[in-house]
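In what follows, a structure is listed as structure tokens, so that the remarks can point back to it.
The values are calculated or read from the model by the stated rules, or taken from the named source; none is laboratory data. For clarity, every value in this text was computed on a predicted model and none was experimentally measured. With ideal geometry, Cβ positions are generated from the backbone for all residues, glycine too; neighbour counts draw on all protein chains shown. To get the accessible areas, we keep the full protein, side chains included, count just its heavy atoms, and leave off ligands, DNA and RNA. Shrake-Rupley method; radii C 1.70, N 1.55, O 1.52, S 1.80 Å.
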Amino acid sequence: MISGVAMVKGGLAVPWAIMMSLLVYAGSAQLAALPLIVAGAPLWVIVATGLITNLRFVIYSAALRPYFVDLPWQKRAALGFFMTDFTFTRFMRSAQEDSLPVRTDAWFAGVCSSNWITWQLSAITGIIGASYVPTEWGLEFTGTLALVALVGPSLTARPAIVGAAAAAVVALVAYPLPFKLGLFCGAIAGIVAATLTDAVEQRSPPAPAEET
Amino acid sequence: MTEPVAGLALGVVIVGLALSTFVTRTSFLLAGAKLRLGHRAEVALRYAPVCTLAAIIVPDILMHPPAHVLDLSLLNPRLIGALAAGAWLCWSRNIVGCLGLGMAAYSLARLYL
């Protein structure tokens, strides 16, 4: 819903916002791309930013692979595309509790499709509802706040905190760069900082137990 | 500042973003058995979204329009809204409350400061 409100209040026309919601179906990538679309950033910068925001799904798909490796590729592609943070977390919880049903693929397809319907309905409600709200209310700021709400809870591990801090500082310093490239410099600096922090943590005793 | 992306260009952006969703979510589900995710790569992928979002949010709050210069003052409505939202998150994981409080603080600050 927030992605819907933020898209329309950020200046996207209602049909474009609905199309984006239906096709992209990734709230954080949409929210991340939105300020760049409004600022008229180059197309590749916008798409690359969405791509980096989506990179966590690569890990998810690697974790899901063992469960679906025997399915035909069309089914794997469909299950993958409709997987989200929520449905992935739900799946892994059931997997850890050993409570996955026999037809894991059908069950997961059910979880994903009901999540898709709920998400799309609330996004479209947000899109249409927001188009009736005056711009002076400043509702576009809900997009930024939603990103704060996404980032906040993940700032528990030290690499995440160091990475986010480095990303923020570099993004501020590099802000005057053209094409919103400061955003990239910030993201890259943050990823490097997070990886280094993780490497230092792995080496220093007591080494945390490795989960696999 | 340049014009917002619109029309055909916006269509291209939407298709590009949709492809990025598809490629990342299906990557390992469609890849051959030989592809493995190493520890270092996994760490980079895991923290990439947090870093990117931080690089978006912080300038958005501290270098807000129209001036786009660093505004660290406590009279900055966006900073007030974000701090309120962050404080709520420390106390509860409820996103509706976080957005509600953040928007309330932001709106009050815009009206009265």
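So here's what we get for this one:
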read-out	value
Condition met for B:Arg110 (farther than 25 Å from A:Phe184 by Cβ, in a loop (DSSP other than H, G, I, E, B), at the interface with chain A (Cβ under 7 Å from one of its Cβ atoms) and out of contact with any Lys or Arg (no Cβ under 6 Å at 6 or more places or on another chain))	no
So A:Gly110, is it among the small types (Gly, Ala, Ser), without any contact (Cβ under 8 Å) to a residue 12 or more places away in the chain and either more than 7 Å from chain B (Cβ to nearest Cβ) or closer than 28 Å to A:Leu43 by Cα (or both)	yes
Scan of the stretch A:137-150 for residues that are more than 7 Å from chain B (Cβ to nearest Cβ) and not in a loop (DSSP other than H, G, I, E, B), ordered by number	A:Trp137, A:Gly143
Lone qualifier among A:Leu155, A:Leu145, A:Leu139, A:Leu172 - being over 22 Å from A:Asp85 (Cα atoms) and modelled with pLDDT of 85 or more	A:Leu172
Conditions (1) touching a Ser or Thr at 6+ places or on another chain (Cβ under 9 Å); (2) of a type in the set (Ser, Thr, Tyr); (3) surrounded by fewer than 21 Cβ atoms within 10 Å (Cβ to Cβ); number of the one not met by B:Thr52	(3)
Residue in the stretch B:86-93 that is over 19 Å from A:Ile161 (Cα atoms), part of a loop (DSSP other than H, G, I, E, B) and at the interface with another protein chain (Cβ under 9 Å from one of its Cβ atoms) present	no
Members of the stretch A:127-148 that are open to solvent by 10 Å² or more (accessible area, probe 1.4 Å) and aliphatic (A, V, I, L, M)	A:Ile128, A:Val133, A:Leu139, A:Ala146, A:Val148
Some residue of the stretch A:159-181 being free of Cβ contacts under 8 Å to residues at least 12 places away in the same chain, within 24 Å of B:Thr52 (Cβ to Cβ), away from chain B (no Cβ under 12 Å) and part of a helix (DSSP H, G or I)	no
Boolean, B:Ser92 is polar (S, T, N, Q) and closer than 23 Å to A:Ile52 by Cα	no
Residues within the stretch A:40-55 that are without any contact (Cβ under 8 Å) to a residue 24 or more places away in the chain, in a helix (DSSP H, G or I) and of a type outside the set (Val, Ile, Thr), tallied	3
Of all residues making up the stretch A:83-124, the number that are touching a Cys at 6+ places or on another chain (Cβ under 8 Å) and either among the β-branched types (Val, Ile, Thr) or under 19 Å from A:Gly4 (Cβ atoms) (or both)	2
Only listed residue being open to solvent by 10 Å² or more (accessible area, probe 1.4 Å), free of Cβ contacts under 8 Å to residues at least 12 places away in the same chain and facing chain B (nearest Cβ under 7 Å), chosen from A:Pro66, A:Pro153, A:Pro101	A:Pro153
Residue check, A:Pro72 within 26 Å of B:Phe22 (Cβ to Cβ) and at pLDDT below 90	no
Considering residues of the stretch A:5-39 that are touching a residue at least 12 places away in the same chain (Cβ under 8 Å) and outside any helix (DSSP H, G or I) only, the residue most open to solvent (accessible area, probe 1.4 Å)	A:Gly11
